[in-house]
Amino acid sequence: ISITTMSDFLSIDQMGLSLQISVMGHFSDGSTVIMSKGETGTLYSTKSGTSDIISVNANGLVKANKAGNDVVIISNRGKTASVLVEVKIHVPSQ
């Protein structure tokens, strides 16, 4: 029936840090299944179409590449969800 994510917002504060997106599939029989892995048919892409700010692998692991915002688009069986990702790199003051 639908797919949802455990969170619709991720904040990453370190360059190179990775966070996992958790995807749940909700079915007409009332069951719920974890569908984060690519082998379940879940596909990930960035709204920008690039990996400048973030990159996301086939299993939903998001990596921070530089400061900024982008959105991870998640799809499976014609259903979609999205997660806003904010990358704020803290630079220590001298």
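May I ask you to list the residues in the range 58-94 that are more than 13 Å from I3 (Cβ to Cβ) and touching a helix residue (DSSP H, G or I) at 6+ places or on another chain (Cβ under 8 Å)?
Answer for the range 58-94, where residues must be more than 13 Å from I3 (Cβ to Cβ) and touching a helix residue (DSSP H, G or I) at 6+ places or on another chain (Cβ under 8 Å): A58, N59.
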List, please: which pairs have Cβ atoms under 7 Å, are six or more places apart or on different chains, and start with a residue in the range 10-39 that is free of Cβ contacts under 8 Å to residues at least 40 places away in the same chain and end with one that is of a type in the set (K, R)? none
Please determine whether any residue of the range 1-17 is touching a Leu at 6+ places or on another chain (Cβ under 8 Å), within 27 Å of K88 (Cα to Cα) and exposed (fewer than 13 other Cβ atoms within 10 Å of the Cβ). yes
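To keep it simple, each residue is scored yes or no on (1) touching a residue at least 24 places away in the same chain (Cβ under 8 Å); (2) of a type outside the set (A, V, I, L, M, F, W, C).
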| site | (1), (2) |
| --- | --- |
| I3 | yes, no |
| D8 | yes, yes |
| S51 | no, yes |
| N69 | no, yes |
| V72 | yes, no |
Checked against (1) surrounded by 13 or more Cβ atoms within 10 Å (Cβ to Cβ); (2) in a loop (DSSP other than H, G, I, E, B), D52 satisfies every condition except (1)
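Given S82, S75, S45, which one is among the polar types (S, T, N, Q) and more than 9 Å from the chain's Cα centre (by Cα)? Before the answer, list the steps.
Working: S82 fails: more than 9 Å from the chain's Cα centre (by Cα); S45 fails: more than 9 Å from the chain's Cα centre (by Cα).
One residue alone meets the criteria, S75.
Report the residue count in the range 55-94 for those that are open to solvent by 40 Å² or more (accessible area, probe 1.4 Å), in a loop (DSSP other than H, G, I, E, B) and of a type outside the set (S, T, N, Q). Spell out the reasoning first.
Taking the range 55-94 and keeping what is open to solvent by 40 Å² or more (accessible area, probe 1.4 Å), we get 57-59, 61, 63, 65-67, 69, 73, 77-80, 82, 84, 86, 88-94.
Filter once more, so that each one left must be in a loop (DSSP other than H, G, I, E, B): 57-59, 65-67, 77-78, 88-94.
Of the ones still in play, those that are also of a type outside the set (S, T, N, Q) are 58, 66-67, 77-78, 88-92.
Counting residues in the range 55-94 that are open to solvent by 40 Å² or more (accessible area, probe 1.4 Å), in a loop (DSSP other than H, G, I, E, B) and of a type outside the set (S, T, N, Q) gives 10.
The values are calculated or read from the model by the stated rules, or taken from the named source; none is laboratory data. As the structure is a computational prediction, the values presented were derived from the model and not from experiment. Positions of Cβ are backbone-derived with ideal geometry, glycine not excepted, and every protein chain shown enters the neighbour counts. Keep in mind that these areas ignore ligands, DNA and RNA; they rest on the heavy atoms of the full protein, side chains included. Shrake-Rupley method; radii C 1.70, N 1.55, O 1.52, S 1.80 Å.
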